[in-house]
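Here the structure is laid out as structure tokens; the discussion comes afterwards.
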Amino acid sequence: MGQVEKNLYWITDATYQAAFLTTSDGVVLFDAPPSIGHNLQRAIDQIASANGVSNKVTHIVYSHHHADHLGASSLFGRDVVRIGQIETKKLLASEKDPTRPLPDVTFDTGYTLRVGGERVDLAWHGTNHTPDNIYIHFPDHDTLMLVDLNLPRWVPFDSFNLNEDVPGSIAAPDTAMAYPWKHFIGGHMGRLGTRHDMVVYQQYVTDIIANVKKALTNVDPTPVLRQVRRQRLGRGQGIPGRAGRPRLRAGHQEVHRSPGRCRRLHGQYDLRDPRIGPPGPRCGLAGPRLTRLPGGGATRPGIVVRRGLDECPWGRGSECLGGVTMRSGENSSRALPLTGPAGGAPVRDDLRVRLGCGHLAQGGAVVRAAFG
């Protein structure tokens, strides 16, 4: 937590950021990341107590609808005026997340918030990171807050900060630089930014664009594409580190989720050749692989032994699972202890077993139910 300018403060957990403005009529909070959670109110309490002002949060301004920036909004109850762009309300209404109450006040392109003699200008200049991401300008504090566009002194996160509109996001820094400000709140990382940080970011993106254009003109991708095609079809030399790997193997098929993306399904969701019997629920073993010794002896490192479960073991007497016996005990709501065959020694503590029914067994007991 720190002071930005006068009665404007920011708080971070080194990954996410929020800001708050203390006034004579209460506190205005800007975003409420769930990773910071209750520490938001603790920080406000500390500053309010030191300055002799109210610690009551009266307004929350939403930068955009994403849960990683608003998921702690519900902690401040219903007696708070929430403000957001009109598209933010639509998106939140469609997601029906109780941790992110809908904004009470919405606007289209601009809104001026006045609380306790303070002024904050909110503006929407088109789609960038999301369709609803707004510019939050503090004219009396030389500060601009624009979330998820520029992470000062960091390169953009995965997939260009997961921006939904890449051209709009590339243009956004120019819009930001048109505002008068000295301090920048980007929503992430453990530091504030400056105008110089925004200039460096613009130069970085410009360099990427220029070099991509150069590569598209001067580099012939045909040899690489041919090599990838051979590897995918199982012919010729594969990509280094993956040579000889078959495209598909028994029980595995590519299932396309969307154009250009696919995933391999396995375990109880295998898609098999119709000549092969239908699969039963499987368990997955992590850590040392297990095998059953001749005669049903103790397990040892080796090849995985998997045996399907006809139904969830919770509430049953016992089931054999990959060389270990799972006993439910008297109460199915209690943890299921795992032992070796025939009630042998407990399974080692660092063994993790994912059951076909979705339960997770770890450290010799079922510790979490994935569903149900």
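Here are a few things to note about the model shown:
- Distribution of pairwise C-alpha distances over the range 2-193, 10 Å bins, in %: 9, 40, 40, 10, 0
- Table column - 3J(HN,Hα) (Hz), the range 182-192, Karplus curve with 6.51, -1.76, 1.60, x for Gly and Pro: 10, 10, 10, 10, x, x, 9, 6, x, 8, 7
- Packing-based ranking, highest mean first, of 37-45, 13-21, 70-78 given that Cβ atoms within 10 Å are counted: 13-21, 70-78, 37-45
- Summary of the geometry: the range 203-233 and the range 141-190, compared by the centres of their Cα atoms, lie 27 Å apart.
Taken together, the values in this text are just the output of simple stated rules run on the coordinates, not laboratory data. None of these values were measured; they are calculated from a predicted model. All Cβ positions, even for glycine, are placed from backbone atoms using ideal geometry, and neighbour counts span all protein chains on display.
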